[in-house]
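Participant: This is the structure I have questions about; it appears just below.
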Amino acid sequence: MRAYLFLFLSILTLSLTVSADNKSYKSFSHLTKEESKATTIFIDHERFKRITPPQNDFIPLTGRVSTLFGKCQETSTMLVFSQDMDALLDRCRRSFEAGAADSYFLIGEHLMSAEWTAPDYHQAVEYLLKAANAGSREAKRKLITYYTHPLMPTRDSFRALTFAKELSTSGFLWDEFRYATLLSLDNNKEQALQGYRSLLKLANDGYQNAKAMAALALVLQGPLNSLEAARNLFDIPQDAYHIDLVHAKLVFLVVDNNLESARDTLEDCYVTSFLCSNIYFHFLQKGIGGNINISKANDILEYINDRRSISAKLFYAWVKATAKESTIYNPVLARQVLNKIPDYKRQLPHSMDTIAAIYAANGDFELATELQTQVVDMTRGKGLGDTFERMKSRLYSYKKNERWIDDGNAYSYIERFKELKNITHIDTEIAAL
């Protein structure tokens, strides 16, 4: 048997050698135009230098408390298989009461992310606040995200800044970066300048996301607003741009009314990020920075739908359900996307808002009204501003048996773009315009 195997391998090796002699080397396949564009954004290792959050930064424990927290962690890890939330609550409550502050962080994180259990933001915040008050740094980081994220039901920049300041001396560069970012748009110009200088220092150390945040602090409406100063930060070779800086430059170009250049940038970057493809669709659909091109806008929309992210799927479904253009509007395709949205994501207010629009587009106004009523009740008094007002307007439409038509024009889109203030989640803010 071994002899046969040896003979087979010898013949295989010989055939490969002959083949190599007769043919010059060729790559497996040529890059497509889209793939080639993607490679132009990322070519240098230094451009990947980003400040990232710490992982599992738990308070060190010893003895019995350490043992109890270990059981809490184990149950948290196994939740993906067991979905036994009661066991997690029991074990983590015991370890928290014994002195392991991060136990309640684990509970709060599960309730907020809702990957393996039903979401409960109110309970999540309660657990996270108790953990934070007991000293959990991870809980404070989670709460900062919660209080600043545009898709969460409550925004509280004061609390976010308070926690960020407490963490700024933790020794982690991420906490220093995050505090500086939040501070850079503070209403107090002196405070904002302090945050901006900290970002600039980190940017000069080569951190790309710090440079992007420093630029946005100058571009967006705030005490440091100065497009001329921001222009200098973007004055580097195009091939030195990290995608964070590409996003920041897009905001700069729009605020600076340089819409043709913004559209050119989108043509190059839409294959590299959902944010670029999202904005590019609107530019094509609304004729921003060039002529209206519905056919190409629809192509970009289909490209977005091919992406795996839930955000991309929801955007696709929203547009198909609310478009005014007959060549884009397709309620049947919008409804089909629902099968690709996990149940736990459907319970988020913004997801429910999209689903209600889909039901209305398909003529099920009773269900659309019921769902949109829940959305309005969940988000009332949570600091969502104009977003909440639009949610209420949709509810009125469904009650009148009218689907929601997203007929925003180029002017209104650009004006909303220029009013952006939340630089900590600029991508999500833009995607939600």
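The values are calculated or read from the model by the stated rules, or taken from the named source; none is laboratory data. Everything numeric in this text was worked out from a predicted model, so none of it was measured. Virtual Cβ from ideal backbone geometry, glycine too; neighbours counted across all protein chains shown.
Participant: Mind checking which residues of segment 402-433 are part of a helix (DSSP H, G or I), polar (S, T, N, Q) and under 22 Å from the mean Cα position of the chain (by Cα)?
Facilitator: Hits for segment 402-433 are Thr424, Thr428.
Participant: Oh, and also: Out of segment 281-298, which residues are assigned to a helix (DSSP H, G or I) and over 14 Å from Asp406 (Cβ atoms)? Quick ask: steps written out before the conclusion?
Facilitator: We begin by selecting, within segment 281-298, every residue assigned to a helix (DSSP H, G or I); these are 281-286, 294-298.
Passing the criteria: Phe283, Leu284, Ile294, Ser295, Lys296, Asn298.
Participant: What are the pairs with Cβ atoms under 6 angstrom where one residue, in segment 154-174, is farther than 13 Å from Pro53 by Cβ and polar (S, T, N, Q) and the other, located anywhere, is surrounded by 17 or more Cβ atoms within 10 Å (Cβ to Cβ) and modelled with pLDDT of 95 or more? Sequence gap at least six, or different chains.
Facilitator: Note: pairs meeting the criteria are Ser168/Asp175; Ser168/Glu176; Ser168/Tyr179.
Let's see how each residue does on (1) in a loop (DSSP other than H, G, I, E, B); (2) modelled with pLDDT of 95 or more; (3) out of contact with any Ser or Thr (no Cβ under 8 Å at 6 or more places or on another chain):
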{"position": "Asn56", "(1), (2), (3)": "yes, no, yes"}
{"position": "Ser66", "(1), (2), (3)": "no, yes, yes"}
{"position": "Gln73", "(1), (2), (3)": "no, yes, yes"}
{"position": "Asp90", "(1), (2), (3)": "no, yes, yes"}
{"position": "Arg93", "(1), (2), (3)": "no, yes, no"}
{"position": "Glu97", "(1), (2), (3)": "no, yes, yes"}
{"position": "Glu115", "(1), (2), (3)": "yes, no, yes"}
{"position": "Val125", "(1), (2), (3)": "no, no, no"}
{"position": "Leu129", "(1), (2), (3)": "no, yes, yes"}
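Participant: Report every pair of residues separated by at least 6 positions or lying on different chains whose Cβ atoms are under 6 Å apart, first residue within segment 369-396 and more than 13 Å from Thr354 (Cα to Cα) and among the β-branched types (Val, Ile, Thr), second part of a loop (DSSP other than H, G, I, E, B) and modelled with pLDDT under 80.
Facilitator: Matching pairs, first to second residue: Thr379/Pro153.
Participant: Tell me, which residue of segment 176-193 that is surrounded by fewer than 22 Cβ atoms within 10 Å (Cβ to Cβ) and in contact (Cβ under 8 Å) with a residue 12 or more places away in the chain is nearest to Lys49 (Cα to Cα)? Even if it seems obvious, please write down each step before you answer.
Facilitator: Narrowing segment 176-193 to residues surrounded by fewer than 22 Cβ atoms within 10 Å (Cβ to Cβ): 176, 186-193.
Filter once more, so that each one left must be in contact (Cβ under 8 Å) with a residue 12 or more places away in the chain: 176, 186-189, 192-193.
On the way: Glu176: 16, Asp186: 26, Asn187: 30, Asn188: 30, Lys189: 29, Ala192: 24, Leu193: 24 Å.
Among those that are surrounded by fewer than 22 Cβ atoms within 10 Å (Cβ to Cβ) and in contact (Cβ under 8 Å) with a residue 12 or more places away in the chain, it is Glu176.
Participant: So how many residues does segment 229-261 have that are at pLDDT 85 or above and part of a loop (DSSP other than H, G, I, E, B)?
Facilitator: 3
Participant: Looking only at residues that are surrounded by fewer than 20 Cβ atoms within 10 Å (Cβ to Cβ) and among the hydrophobic types (A, V, I, L, M, F, W, C) in segment 66-88, which one is nearest to Leu111 (Cα to Cα)?
Facilitator: Met85
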